[in-house]
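Data block below; observations after.
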């Protein structure tokens, strides 16, 4: 999800708005109910809620017409698929198992029943239980998806667990989604429209590899790695990540919506080169230093990824 | 929430759309994951998910500019209060205890930081933990709230539990919200803008009174009672409910957003006249007969309450 915590980085943002978001976070933190079960609130891929032996993960993601999808270029099924894929990617990033989803759907007048049916088909194609939701009419289509998942208590992969010396990895190749959005054709365009949440990989990272930190790449490596580094109180040194065929270094470094996983592992962890055919590539190392600073080949990498508030 | 299940009543609706909603419900029901924890899906105030000794309740509600609130007449705090009040009312209707909420907020260009801060203040005034959410830009303000609550396993008050012979009750007086919306002044207008979720009453109905069925009055008595009766496979005979001072019988029967509780109790249950100062009034009896039929003083009462899809 676009966590409130995501909004706390600095490049080119209105300081007043920054203060506001920080204020919201403080207000929310100040008012936990006496018996609150909240283990992790605003600021990671999912909120974590304690319930016995399990931690429940919750993530919420909006999909808005003309912001996150275009009716002219995305089929109804594409939109429905993407709406849920984004939330599932957040569950994957924490190593969780999806349990169910809720869908709130505001429908524009142009959305006829064929479109609506296609949207649901695309969403349900993920195989996750749709437990309920809300329906309304609006000017534009807006879908808000909540996905709930579970991990054993205390076991969720978080952004704040990286330690100095940990190796930094990414799954897959980056920049494909940005390339697809720019060219609107070929496999890159399909990749943009039908992102694949890395649920099996997330499970592997949590149970076998025991990654120290993880998150999904939704807004671009430069901005997302900055968030992970900041949450962990470290800086990050990287080299160029693997490029999607045809993608530019800029698309790989700053392009959003690849929905690959970014993760760290202790230096002595043996990370396989591939997981179920998906490359896992070391791109750098976490270091002590200015929290949130990312350097590429020794030079500061500005966080140019997508921010909804820029 | 405006459950998909809410959309299954018949008055004046496009049959094709009805079929679509029924299709969604069937599709969702057909695809539970093998180990699904879902105890109750689409069709009640909340979805119910099993987790050990507790049942978790989830409800989702959209608040859309110019549909559910007007920037000119509702302050930011009013909007924030109402956004969460609606979800809390669903938790109350099932006898649950709120645990946390998630907020997805799409912000229109006119919503400045002062408005946003006011919105959060209004929302947080309910004292419920805000665990996370999503932020985006859009043409209009749209808020989607998820509220999670808990009840002991199997104990949630549902719509489908009423039995023939059960007495029908409402809390408070009806029509105040509709009167307020029509007049835009006085206590009725305040009542419209600041609905009070009946959480303590819901808890009382579940633990002490052992109500057989309950739901909240969000769309109007005529349509909501029809839903309860239909879910329980019964018809309902009622007389005129208590009127909010100044409200017309029509406003009390068909006006939405009173957020009082509608509930049934076994014939021998002793229901107090008031709960914490709030009147509890018997308005009728559940009977065997055409499921969903509601009669007022012996004549069929058409479901004229608010439906988002009419």
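The values are calculated or read from the model by the stated rules, or taken from the named source; none is laboratory data. Values in this document were obtained by computation on a predicted structure and should not be read as measured data. Reconstructed Cβ throughout: ideal geometry from the backbone, glycine too, with neighbour counts over all protein chains shown.
Listing for the model above:
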quantity: Of the criteria (1) assigned to a loop (DSSP other than H, G, I, E, B); (2) over 21 Å from the mean Cα position of the chain (by Cα); (3) on the phi < 0 side of the Ramachandran plot, which one residue B:303 fails; calculated: (2)
quantity: So residue B:26, is it more than 7 Å from chain A (Cβ to nearest Cβ), over 19 Å from residue B:104 (Cβ atoms) and modelled with pLDDT of 65 or more; calculated: yes
quantity: Residue list for segment A:210-250, filter: part of a helix (DSSP H, G or I), farther than 15 Å from residue A:302 by Cβ and modelled with pLDDT of 95 or more; calculated: A:228, A:232
quantity: Qualifying residue in segment B:101-121 (condition: over 22 Å from the mean Cα position of the chain (by Cα), over 26 Å from residue B:66 (Cβ atoms) and part of a loop (DSSP other than H, G, I, E, B)); calculated: no
quantity: All positions within segment B:179-200 that are farther than 18 Å from residue B:216 by Cα and in a helix (DSSP H, G or I); calculated: B:179, B:180, B:181, B:182, B:183, B:186, B:187, B:188, B:189, B:190
quantity: Residue match in segment B:82-96 (condition: more than 15 Å from the chain's Cα centre (by Cα), in contact (Cβ under 8 Å) with a residue 12 or more places away in the chain and assigned by TED's automatic domain parsing to the domain that holds residue B:49); calculated: no
quantity: Hits in segment B:38-47 - residues which are surrounded by 24 or more Cβ atoms within 10 Å (Cβ to Cβ) and in a strand (DSSP E or B); calculated: B:47
quantity: Search result, residues across segment A:126-135 that are in contact with a helix residue (DSSP H, G or I) (Cβ under 6 Å, 6 or more places away or on another chain) and in contact (Cβ under 8 Å) with a residue 40 or more places away in the chain; calculated: A:126
quantity: Odd one out for residue B:89, checked against (1) more than 7 Å from every other protein chain (Cβ to nearest Cβ); (2) at pLDDT below 90; calculated: (2)
quantity: Residue B:295 vs. criteria in contact (Cβ under 8 Å) with a residue 12 or more places away in the chain, in contact with a strand residue (DSSP E or B) (Cβ under 6 Å, 6 or more places away or on another chain), surrounded by 20 or more Cβ atoms within 10 Å (Cβ to Cβ) and not assigned by TED's automatic domain parsing to the domain that holds residue B:89; calculated: no
quantity: Some residue of segment B:256-263 being at negative phi, assigned to a loop (DSSP other than H, G, I, E, B) and surrounded by 23 or more Cβ atoms within 10 Å (Cβ to Cβ); calculated: yes
quantity: Filter result (within 13 Å of another protein chain (Cβ to nearest Cβ) and surrounded by 24 or more Cβ atoms within 10 Å (Cβ to Cβ)) within segment A:70-86; calculated: A:80, A:83, A:84, A:86
quantity: Test: residue B:272 is more than 14 Å from chain A (Cβ to nearest Cβ) and at pLDDT below 95; calculated: no
quantity: Matching option when the condition is within 14 Å of another protein chain (Cβ to nearest Cβ), under 16 Å from residue B:205 (Cβ atoms) and either surrounded by fewer than 24 Cβ atoms within 10 Å (Cβ to Cβ) or touching a helix residue (DSSP H, G or I) at 6+ places or on another chain (Cβ under 8 Å) (or both), among B:113, B:158; calculated: B:158
quantity: Out of B:227, B:208, B:185, B:194, sole residue that is under 16 Å from the mean Cα position of the chain (by Cα), in the same structural domain as residue B:266 (by TED's automatic domain parsing) and surrounded by fewer than 20 Cβ atoms within 10 Å (Cβ to Cβ); calculated: B:194
quantity: Qualifying position, being at pLDDT below 90, surrounded by fewer than 24 Cβ atoms within 10 Å (Cβ to Cβ) and either in contact with a strand residue (DSSP E or B) (Cβ under 7 Å, 6 or more places away or on another chain) or more than 10 Å from every other protein chain (Cβ to nearest Cβ) (or both), among A:124, A:135; calculated: A:135
